[in-house]
Structure formats: C-alpha cells, structure tokens
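Bear in mind that the values in this text are calculations on the coordinates, not laboratory data. As the structure is a computational prediction, the values presented were derived from the model and not from experiment. When we count neighbours, we look across all protein chains shown, and the Cβ atoms used for this are built from the backbone with ideal geometry, even at glycine.
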2 protein chains.
Amino acid sequence: MIINSYRFVLPALGLCLTAAASMAESVSRESLAHAEMLRAQAMAGSNAMAIVTSLTTEVGPRLAGSEAEGRARIWAVNTLAAKGFTNIRNEPFAMNAWERHEEGAEILAPYPQPLAVTALGGSVPTNKAGLGAEVALFETLEDLKRAPEGSLSGRIAYVGHAMQRTQDGSSYGYFNEARTAGASIAAGKGAVGYLIRSVGTDSHRFPHTGSLRYKEGIPRIPALALSNPDADQIERIAAEGKTLSVRITVDSSEVPAAQSGNVVAEVVGREAPEEIVIIGAHLDSWDLGTGAIDDGAGVGITMAALELIKNAGLAPRRTIRLVLWGAEEVGLLGANAYRDRHEAQLERHVIGSESDFGGGRVWKVTADSQTEAGDQLFAEIARLLAPIGIAPGSDDQPGGGPDLYPLIAAGVPTLRLHQDGRDYFDLHHTADDTVDKLDAASLDQNVAAFAVFAWLVADSDVSFRSAAE
Amino acid sequence: MIINSYRFVLPALGLCLTAAASMAESVSRESLAHAEMLRAQAMAGSNAMAIVTSLTTEVGPRLAGSEAEGRARIWAVNTLAAKGFTNIRNEPFAMNAWERHEEGAEILAPYPQPLAVTALGGSVPTNKAGLGAEVALFETLEDLKRAPEGSLSGRIAYVGHAMQRTQDGSSYGYFNEARTAGASIAAGKGAVGYLIRSVGTDSHRFPHTGSLRYKEGIPRIPALALSNPDADQIERIAAEGKTLSVRITVDSSEVPAAQSGNVVAEVVGREAPEEIVIIGAHLDSWDLGTGAIDDGAGVGITMAALELIKNAGLAPRRTIRLVLWGAEEVGLLGANAYRDRHEAQLERHVIGSESDFGGGRVWKVTADSQTEAGDQLFAEIARLLAPIGIAPGSDDQPGGGPDLYPLIAAGVPTLRLHQDGRDYFDLHHTADDTVDKLDAASLDQNVAAFAVFAWLVADSDVSFRSAAE
C-alpha cells in the first residue's frame, strides 16, 4: 500500500508536513461527515441498552459450553437477523466445559458460622461431606509462594491479597494471579484446599468467581473465593491468634464434549469486502449473575454501533465484522477458534477492538498503529471522539480486548476504547452482575465511539501495519 | 410527685414563668456538667464499634430461638461482666422457633434461569422437588386483595409493591404488609405459593427475609422474597405478555420447645434504685447476615453508653437498665416476656428508649412526655444534643423502638432518638448486613445521645407520666 510505505520513502520530511500532506488522503470529507452524523445519532440514543436487556432477560446466565450459552447463540443469530445484517453465522467449536452444582463454607472453630463463598471456575469437587481443615493464612500470594515445602500439609491455604480500585483496571492483572495460579502453588506445598479473598473491590457479600488454572503434575485441590466481608471476618478471627478451621464444600463436574461457538455478522464492504475491521464482545458469561456488565454491555455497545451504520444506509469501503465470541471466560476458547478458522485471512484483518470492560464511559483511546497513515487516521478518530470526552493516549503494549490476544499475536493491530472501570470490579463475576447496574447514556457514548472508529477505518484504505509484514 | 402535679396546680401561669421556675428543679448544674462530659467523651470515641464487631465476629448470625442466639446471650453476659456492670442476668423464656435449611427458585418458562430468593421467616416447606406453577402478578398488595375469590387456584401469587427510601423509615410499615400478611391473603384466593419483591431499597441481588404471619383457618403456603433485580426480571418478562412459570423450593422446620432470653445489666441508682430508665437493643438477628445493622449497632451503642457512665464513676439517682432483648425479629417475644416478668414494676419504669434502626446518625429527638417537668427536662436534653446535630421534634405517637411497644401499652413513656435511615433498608434482613457497613463516628454520635439522655433522666426525679396514672 502506498500510504503504508510513505514513512519509509520520505523519512526526512518533518512531522508537520507529513501530517498536512496526508490528511486528505487518509480520510475523505464525506467520510468524516458521516462519522459526525453517526456520533450524533448514538449520543441521541442507541439500542445498546435494549440489546443487553434482551440478552440478560431472555437468556440470563450463559456459562461457556452450557446449554444456556447455546440459547445465547440462538438469541444472537435471531437478533442479528431481525436487524438485517449480512453473513450471519455461528462458527461452532468443541470444548471441555465445567459445571457448578453446589458450594458452601463454614467456620468450624473458634466461632461457628456460615461464610459466603463461590467455587472458582474449574474447581474440582470435595466429597459430599465437605473438607474440614485448619486454615493457614497468607496476606499476599507472594507470601504463599515463600511458604516452605510441605508446610501446608493437611491444611486449607487462604490468600488475602486485597485488590484496590483503579480507573483502568490495571490492578486486576496483578491480584488475579491469586485466583488463577494460587491453588496449584498451595497444593504444591501440601494444602488440601484453597481459599482466596475475592478479586473484587466491593464490600458486599458477593463472592467473585473466575477461572483457575491447575498446573500439571500437582494434585488438584478444591478452590473457592470468599466475599470481601467474609475475608475480613476470617482475617479478624485469625488476628486474635486462635486456630481457625473451616469446612469447604464443592460439587462440580466436567462435560468433556460440550459445544460453544462464535456468532458473526457483517456490514459488507463496497470496494474491499475481504478487508475486515473487527468489533465485538464475548457472548458467554459467568453463571452467578446474568452477565450484564460482563459482557452483555459489550454485546449491546458493539451490536448497536454496527446497527447504527447499517441503518444509516452507509456502505463502508471495507467490511465491518461483528464477532460475539464464545467461551471467553474459561480461557479465550472462542478467540483461539476464530484465529484457527480464519488464519489465512488474518493478514487482511485491518484492525480490531473488543468492548469487554462493563458499561462505564470511554475516557481514552489508544491504538498500536505502525504507520504514518495509521497515526494520521488515529488522529482524525481522536479529534471526533474528543467532543464526547475521550482523549487520545499512548499505551506500552497493544490491547483492545482479551479476545483479540490471539489476533494480536498473529499481527492484527488493535484500537482500544478505554472505559472508566472504577466500579467494574464491584460487580465482575458476581451474582450482582445484572442489567439494573447499567446506564443507557454511558452505553450510548460507547456506541458513538465504536461507530466513529469502525466507520472511519472501514471507509478508508489505511493500513496500521508496518510494511515489513 | 410534686413536679408531676405542678401543671395542674398552676395552670394560669405562663409557660415562660413555668419553665424558668422549674429549670433548676428538673436538672442540677452538676448533672448537666456530667452530661456534657459524657457527650464529649462519646464523641471522642466510644466502644460501640468494638462491641458490635465482637458480637458479629464471635457469634455472627443469631436467629431467635437458635443455638447461636444462646451463644449470643453467653457472649453478652461475659462481655457485660468484663465491663463490670451490676445485676447481670439472663431472663429466659420458651418459644416456638423456625429454622431455614434450603431455599431456591427458578424460572421454568419462558426463559429458564435461576432467581435469587429467600424464604420468609416462618414459611412452611415445599416438598423436596419444589413447587412449579404459573405466576399471577400483582403490582400492589391492594391489587392482590381485590383479586376475585378462587382466581389464584393452583398458581403462585407475586406482589411487586416496591418500597422507596425515606429518612425516617416510615414507608416500611406500609410496604411491609405485603411480607407479613400477603401469603394468607393469596392462599385465601387459592394460591399455592407466594412471592414478593423484597421489602428493601437496594438494587443488589440480596433478597430480604423477615417474618410472615399466617392467618388461622387458611392453608399455609410457602412464601419467599425475590431480590429487587430478580423482581425487575420477573416484571420485565411478564410485561411481554408471556405466561410465566416458576419453581420454588423451601426446606424449613419448627422447633417447638426452643429457648430464648433477655440479657439485663444495670448501673444501680444511688437514691431510687427501684426507678428504672430502660435503654437497650435486641440481641437476636436474622440468619442471613451477621446482624450488624440489625441490631448489633444498637447493642454496641447502648452498651457503650452505659459503659461510659459507669467508667466515669457516676452514680445516677435512679437505675439505668440495659436490656438486650431476645427474639425481637419473630414477634417481640422478648419484649412480651419482659413485660410479663416485670409487670409489677412497670409503673416505676420512668422512660425507655431502644436503638434499633442501624448505625446512621441521630437527627431528631422526640419524647411522649405528659408533664411540664418532663417537657422541661426534654428541653434540656434537646439543648445538649443540638451541638451534635440533633433537633427536637414532635411525634404523633409514642415510639422509642419495637421492643418498647408492650411497655408503651402498659403506660411506660418513651424517648426516641431518630436515626437517619435512608440506607437502612438497603441492608435490612439481608446476607449483606455485616459490620463493614458501619461507621464508628456515627455510632459514637448515637452513644453520645444515649448517654446524655439516660444520664439526665436517671439523675433526676422527673416523671414523664401524667398524674392520672
């Protein structure tokens, strides 16, 4: 592509000249006018809230690989068809699913009382009578890692590791390791059970679930999360210096040949339909809530953005593809299946962005453009997003949503619309993730951002990839 | 009593003269100085938070008539003894207790999914398989009452009846009837099960429990409350016009010869020990949470107030009696037992006040004084409470806390420290009623108010009762 190699042809020209010269090339006046119209329409009210309300009411919880996730795909196909999109399809894949049946915990001594807990996704069951044992407490995962070999023999390990709220959700990656990796670390030192303080920022009696990953060659032990008030209770009792013992109970099972799938729909490009701009969200949710913020909001936002473009009668130069990923929560299974199925076309995936951080407003936009033309188009997108409160930023690493990680590894550039996530981890992976927590006007602002971005990139011939690729 | 008949002897004198003349009589300068000192000490930090933390940690949930409520009485006696109070005792009584074992609900059609529910206190069980039936929806209890005879045959009745938040909690009395009386109203029209929107003001997936009362001669049907988001879900589905069916499951049982008790402690009066000023709170809680706002806060506030008076080395003229009532939640059983046991001494119960509205700040004080001297002493109390943000008010009817109702009926006057309850019904009777929701400084303000009030009345010889009694 001409503009793609531009930066290498004319490296000696200053940035101002480069920017001025190419502005008209990266995006037409008409295209910009359409983007402004889409933004105004979204801000005046989109269908995002109606979509997420429909999904969370008519399907509700939709755990990866479950019959309910299958109903969500039927809901998606029917909803997309009713809206008149093109190339609607389910791209199925097989998976090993996990099912929660029962769970519980209680303090046995010194102060008998029930505890609010939930099994972590993937946890093995206890036997029916549960598992009662003394608890060994650790303030952080690091402390658990430093515990001597064999020191937890016959005990239940507990890790406190309290997460604080952040706007960008950046604390999650760090504290989340207690959930994903802790059980095997504890089991490696002899523990027979594993408890964590929920990876969450609320102080309600909602435990936060989420996947764990057992390490090969280490005994698999049952693993549960306590709600934050219950974790406080455990730590308060331990601080008295008394021996604390707890009984945990988990009934769960695996379904080895379960089905999942990615649901896809498109607005087909008028000139280069084989060039793809990806937007989307994940369709599965955890089983405790109805998955409104994680990730019904993303489904509503991205579907409403595509609907807005379609209903305006606009045909972009390239194809805009909506992907509603399956089985994200249990390890990006839908994202990997998409990458495998579409491997040959990935070099013509222009850019991707996923909405998977709740319903808060977008406050920052970043992109991992590797080209001058990409930078210039990004500057145009940022200019149109500024009036709705979004500032351009720069990121150390590519992002755009977890389901894009396999595509990023395959070289697909991403754009990320950073949402305000200060409250996100109050609800994330809890029974309290329901649609009453969403604000329609905030969703509309997200729709505006997705519509502007997807339209401008799809209606251009700009590449964000370096010529080397 | 002299001052008590004063108003009848000198009715022609103006209020100003009356007030001026009796000011010195109703309360001494020294007594006022002590009250100011108690107020300052409480505001600087009381033991209220430590007490409620201890109760909710070391006992936790303590349902009326349960073994756990028995442990709460042991905790109370030990805690009161450690603080050095006098005449510490448990006044036991027998009761018919109710136990919750299991509960659940799910939508069967049109959109299968689980619902967050809790059985109402006293609900009969379903059979093990649960009870699946079509749901008949009513927006209000009044609508249910107007349903034709037999019209609910074989169906589960649902009542929406959404409560709004109020500062004084006044909406509770009205909306609460859906919980207490609705099951028998529905059963009288043929319903086989009863569901309500929780009597609560939050939008979290915490259903609110609480007692129901079955009417004699009408079939007892299982009764449960939905969390507010689940009630929204039910109503959203019903609004689509589709037939809604739900399965409810309750396992519960009764314990006919259970034990409860009131725990009592005193600071004994130096001149008139047989004259009693009652303060207190109820010791039992619902079983879902740890009973921090209902009513651990009241236990902490009133015990800390009495502790402050005792630790200051002050001996009031009359006795201040702390009563920690048992089995309040299931029908004021402890309050009735107290009235029966102390019937002969009730005429020497000078005044009473209970703290049973959470941990919010006091914003108003009222009393049902029937005497000029009582009015004047009340004015002095109000004057000392004004600097901590409390204004005097007037009430249409006597109050002072639910456990005082039997005493009010027996002629005992009450004083009420009105707390700000805007958030109270977010947590009331839910699993989320835990100690992290309380604010120590707000509790201290309550302690200051109780200490000032109890001290000033106990150190006086003022009666609040009319001479006719």
When DSSP beta bridges are limited to those with both residues in chain B, what percentage is antiparallel, rounded to the nearest 5? 55
In degrees, nearest ten, helix B:440-458 long axis to first principal axis of chain B (Cα): 50
May I ask which residue of chain B has the beta-carbon nearest to the axis carrying chain B onto chain A, and at what distance in whole Å? B:H204, 3
List the distances, in nm and shortest first, from the label point of A:K145 to the matching label points in every other copy, placing each point 7 Å from Cα along the Cα-to-Cβ direction. 6.5
With 10 angstrom as the radius, rank A:F450, A:F464 by how many other C-beta atoms surround their C-beta, starting from the fewest. A:F464, A:F450
Once you have a ≥ b ≥ c as the square roots of the Cα gyration tensor eigenvalues for the range A:319-469, tell me rounded if a/c is under 1.5, and otherwise prolate or oblate according to whether a/b is larger than b/c. oblate
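Taking the Cα centre as origin and putting +1 on Lys and Arg beta-carbons and -1 on Asp and Glu beta-carbons, what dipole magnitude results for the range B:111-243, to the nearest 20 debye?
Roughly 340 debye for the range B:111-243.
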Once both labels are modelled 7 Å past Cα along the beta-carbon direction, what's the B:A391-A:A272 spacing in nm? 6.9
Lys, Arg +1 and Asp, Glu -1 on Cβ, resulting dipole of chain B about Cα centre, debye, nearest 20: 160
Between B:A344 and B:A81, take the C-beta separation as r, use R0 = 35 Å, and let me know the FRET efficiency to the nearest 0.05. 0.80
Only Lys, Arg, Asp and Glu count, each charged at its Cβ (+1, +1, -1, -1), so figure out the dipole size of the protein assembly as shown about its Cα centre, rounded to 20 debye. 240
Along Cα-to-Cβ, 7 Å out, sits the label point; list in nm, shortest first, how far the one on A:A410 is from those in the other copies. 8.0
Viscosity 0.890 mPa s, 25 °C: Kirkwood-radius Stokes-Einstein D of the protein assembly as shown over Cα pairs, µm²/s: 80
Within the protein assembly as shown, percent of DSSP bridges classed antiparallel, to nearest 5: 55
With each label point set 7 Å from Cα along the Cα-Cβ vector, what nm distance links B:E142 and B:A44? 5.4
Filter the GluC sites (Glu not before Pro) in the range B:113-161 to those in DSSP coil with at most 15 other Cβ atoms within 10 Å of their Cβ, and list the result. B:E139, B:E149
Do any GluC sites (Glu not before Pro) in the range A:223-263 lie in a DSSP loop with no more than 16 other beta carbon atoms within 10 Å, and if so, which? A:E240
What are the principal axis extents of the Cα atoms in chain A, in Å, biggest first? 74, 50, 39
Restricting the count to DSSP beta bridges whose residues both fall in the range A:111-243, what percent are antiparallel, rounded to a multiple of 5? 20
Listing B:L141, A:L152 from the residue with the fewest other Cβ atoms within 10 Å to the one with the most, what is the order? B:L141, A:L152
Listed residues A:A454, A:T434, A:G261: farthest to the positive end of the dipole of the protein assembly as shown (Cβ charges): A:G261
Roughly how far apart, in whole Å, are the Cα centres of the range A:257-289 and the range B:183-255? 39
Could you work out how far the C-alpha centroid of the range A:374-440 sits from that of the range B:38-83, in angstrom? 48
Give me the angle, in degrees from 0 to 90, between the Cα long axis of helix B:228-239 and the longest principal axis of the Cα atoms of chain B, rounded to the nearest 10. 40
Any chance you could count the Lys pairs in chain B whose alpha carbons are under 20 Å apart, treating pairs 8 or more apart or on different chains as valid? 4
Using alpha-carbon coordinates, inclination of helix A:48-58 to the longest axis of chain A, degrees: 40
Take the Cα atoms of the range B:111-243, build their convex hull, and give its volume per residue in Å³. 108
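What's the local net charge at A:A162, with K and R +1, D and E -1, over the other residues with C-beta under 12 Å away? Walk me through the numbers on the way to the answer.
Numbers: positive: A:R165, A:R197; negative: A:E139, A:D202, A:D232, A:E235.
Surrounding charge for A:A162 is -2.
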Report the far tail of the P(r) of the range B:45-180, meaning the percent of Cα-Cα pairs longer than 27 Å. 48
How far, in nm to one decimal, is A:G173 from itself in the other copies if the label point is set 7 angstrom along Cα toward Cβ? Shortest first, please. 5.8
Given only helices, namely DSSP H runs of n ≥ 4 each adding -39500 (n - 2.57), what is the per-residue ellipticity at 222 nm of chain B, to the nearest 500 deg cm²/dmol? -10000 deg cm²/dmol
Counting other C-beta atoms within 10 Å, which of B:E274, A:E177, A:E103, B:E347 has the fewest, and how do the rest follow? B:E274, B:E347, A:E177, A:E103
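Pairs of alpha-carbon atoms within less than 8 angstrom and 6+ residues apart define the contacts here; what relative contact order does chain A have, in percent? Before the final figure, lay out each step's value.
On the way: 1133 pairs, mean separation 112.6, N = 469.
Relative contact order for chain A comes out at 24 percent.
Using 0.36 nm per residue of separation minus the Cα-Cα distance, give me the extension gain between A:K242 and A:E30 in nm, one decimal.
69.1 nm
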